[in-house]
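First up is the structure itself, then whatever we jot down about it.
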Amino acid sequence: MKVQKIIIILGIMLLWLGCDKKQQIKDEELIYIDIRLLQKKNLILEDSVKYRFLKLETTNKCLIRQIMKIDFDENKMFISDRNNKVFVFDNNGTFLHDVGGIGSGPDEQLSITDFVLDKKNKQIQIFDMLKSTIYMYTYLGELISRKKVDVNIFRDFSSVDITSDNQLVLTMYNNIFATEYNYRMVNTEKYTNYRNCIPYIAIGEVCEVYRIAKTAKSGEILYLSALASDTIYKYDDREKSILPAIVFNGKYKPLTKEDVVDKTFEIGSDVEFIARMKKRSIGIRELYATKKYLHFVFEMDAEIYRCFWNLERQTGSYYRYVCESTIANFFSYVIGATDDAFVCAIPAYEAIRHNWDENQDAKSVIDNTLEDDNPIIAFYYFD
Amino acid sequence: MKNIKLLIIQKLSQMKNIKLTLLGTAALLIAVGLNIRHALNDYGVRDNKLHVEVLAQSNGSGGGGSNSGGSGSSSDGVNSCPLATYIRNAKPAWETVRVQDGAHCNLGLFVVTLGKRTVANVTLNVNVGGTIRVPECPDSPGNCCEKSHINKSPRYL
């Protein structure tokens with residue numbers, strides 16, 4: 001009798017284990033963006049989108065080489081520069097102060113890998129990969145604390161995002177010696193618990209670093225993309241996991257594992273060659289989001305298109321880049337977004353070449369600009 | 001009469017045992033069969049759509065990547081990498097960037113600029129825009145990146 005009971009219990013347990021609940025994603029939970037239902041427009045921003053140009057103050061204390069990241073809170077702009085600097089400007093472009101600094105002291109950084117704004121606690125967190133340390137600053141640039149973290153967890157990432165429930169999401173390098181995953185989620189209560197998320201469809205022998213925006217925040221919602229994928233993921237704070245949210249159904253079907261099996265790649269993005277050869281999608285890139293719109297880029301018939309998807313109405317349009325000298329062309333310098341505008345950083349030397357006669361507002365900003373000045377920040381407001 | 005009753009009860013009990021045994025064995029066989037089928041099917045990798053498949057997330061508590069992979073890397077320390085030829089605590093990598101086309105549309109030849117950094121002149125094989133890869137030596141503790149790596153030509157993807 002005992003043996004029978006054990007057999008029954010074992011059978012039920014095995015049956016239960018055989019069902020992986022995590023694999024069950026209902027199709028109706030996903031939003032599908034069908035390219036056939038999108039409105040095609042000829043010129044990007046042809047619908048007379050409002051825009052505002054802003055000149056960042058240029059002094060010896062705030063010379064910007066290349067903006068790596070821009071974020072906004074409390075009427076301030078937080079900008080990280082390729083030269084390992086984090087600057088704070090007010091929303092008129094006036095330089096306020098910098099945050100952190102490179103040096104060998106205990107409160108200084110060896111490198112600034114990235115920064116995030118913890119908007120709930122009004123903190124700037126600076127990540128120094130070389131010192132395996134996270135520095136917490138106030139918005140005024142005063143150091144609050146620093147946290148030593150595990151070098152094996154906080155390595156080989158190019159950028160960091162923070163979720164609505166304060167989890168960190170690291171965008172990982174693509175390399176067989178780094179990780180095989182697009183993202184790593186780290187629990188900020190312990191900083192030792194982590195979970196690798198979304199495996200790379202192709203992994204390169206040489207390391208690849210992504211400076212193309214793979215993640216975007218729409219209010220509190222963090223959206224994420226993946227290499228050569230047409231799916232946009234979302235961080236779910238109830239499941240504490242990254243789940244598929246939006247699927248782009250373009251002209252081409254996405255790559256499958258079978259398309260890339262037994263193939264080696266120098267870098268992960270070389271998978272795009274396979275995709276083009278097999279008439280598959282190379283995936284969506286350049287995620288940016290306002291509260292209302294999600295922006296991404298896709299390729300079709302050897303041309304590049306931008307899609308603006310209205311998250312509220314679930315409608316959208318797409319635009320082909322047109323070689324005309326218009327204000328709209330400067331959208332190619334998009335680097336971020338506020339709640340209601342996409343933000344571009346136009347290099348000063350590009351801005352001064354353009355003829356602004358037809359736009360007096362922009363002209364008044366750019367007329368006082370020199371070639372070597374800090375970038376012009378352009379806000380493109382939709383609706 | 002009493003004996004017959006006892007016999008029937010005994011028989012019924014035996015039948016019940018047989019039924020339970022059969023039920024348990026069947027459940028076990030089904031479970032094992034389904035698990036083997038799932039395993040032979042690469043745990044659903046071939047059947048599931050990509051966006052479902054990628055949910056195969058791994059829970060980790062172990063270490064991250066190894067220290068190897070850098071040209072001239074050394075897990076013992078980066079001090080063995082001569083500063084004349086190597087950047088310490090960095091690894092050779094390629095940075096994927098979007099071509100910032102801006103005002104160079106009509107040239108056919110795109111000057112790729114990243115903010116104030118001019119990266120390269122690249123001839124694009126698509127009409128407009130594109131993605132290129134440029135050599136970089138990003139931070140990576142314990143690795144060394146050969147300086148000559150940065151001089152490699154950018155490539156259009």
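The values are calculated or read from the model by the stated rules, or taken from the named source; none is laboratory data. These numbers come from a predicted model, not from an experiment. Using ideal geometry, Cβ is built from the backbone for each residue, glycine included, and neighbour counts are taken over all protein chains shown.
Miscellaneous remarks
One line per residue, one yes/no per condition, for (1) over 23 Å from residue A:342 (Cβ atoms); (2) surrounded by fewer than 22 Cβ atoms within 10 Å (Cβ to Cβ); (3) small (Gly, Ala, Ser):
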{"site": "A:208", "(1), (2), (3)": "yes, no, no"}
{"site": "A:221", "(1), (2), (3)": "no, yes, no"}
{"site": "A:228", "(1), (2), (3)": "yes, no, yes"}
{"site": "A:241", "(1), (2), (3)": "yes, yes, yes"}
{"site": "A:288", "(1), (2), (3)": "no, no, no"}
{"site": "A:299", "(1), (2), (3)": "no, no, no"}
{"site": "A:304", "(1), (2), (3)": "no, no, no"}
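- Just one of the listed residues (B:74, B:140, B:80) is at pLDDT 85 or above, over 20 Å from residue A:83 (Cα atoms) and not β-branched (Val, Ile, Thr), and it is B:80.
- Qualifying residue in segment A:187-200 (condition: out of contact with any helix residue (DSSP H, G or I) (no Cβ under 7 Å at 6 or more places or on another chain) and among the aliphatic types (A, V, I, L, M)): yes
- Residue A:154 being aromatic (Phe, Trp, Tyr), at the interface with chain B (Cβ under 9 Å from one of its Cβ atoms), in a loop (DSSP other than H, G, I, E, B) and closer than 25 Å to residue A:282 by Cβ: no
- Count - residues of segment A:49-80 that are within 14 Å of another protein chain (Cβ to nearest Cβ), part of a strand (DSSP E or B) and either of a type in the set (Phe, Trp, Tyr) or touching a residue at least 40 places away in the same chain (Cβ under 8 Å) (or both): 4
- In segment A:167-207, the residues that are more than 10 Å from chain B (Cβ to nearest Cβ) and in contact (Cβ under 8 Å) with a residue 40 or more places away in the chain: A:167, A:168, A:169, A:171, A:191, A:202, A:203
- Selection within segment A:272-286 - facing another protein chain (nearest Cβ under 10 Å) and hydrophobic (A, V, I, L, M, F, W, C): A:273, A:282
- Unique match (being modelled with pLDDT under 95 and either farther than 20 Å from residue A:165 by Cα or surrounded by fewer than 16 Cβ atoms within 10 Å (Cβ to Cβ) (or both)) among A:246, A:201: A:201
- Exactly one residue out of A:100, A:141 is more than 22 Å from the chain's Cα centre (by Cα), touching a residue at least 24 places away in the same chain (Cβ under 8 Å), at positive phi and surrounded by fewer than 20 Cβ atoms within 10 Å (Cβ to Cβ), and it is A:141.
- Filtering segment A:299-316 to residues that are part of a strand (DSSP E or B) and either among the β-branched types (Val, Ile, Thr) or modelled with pLDDT under 90 (or both) leaves A:299, A:300, A:303, A:304, A:305, A:306, A:315.
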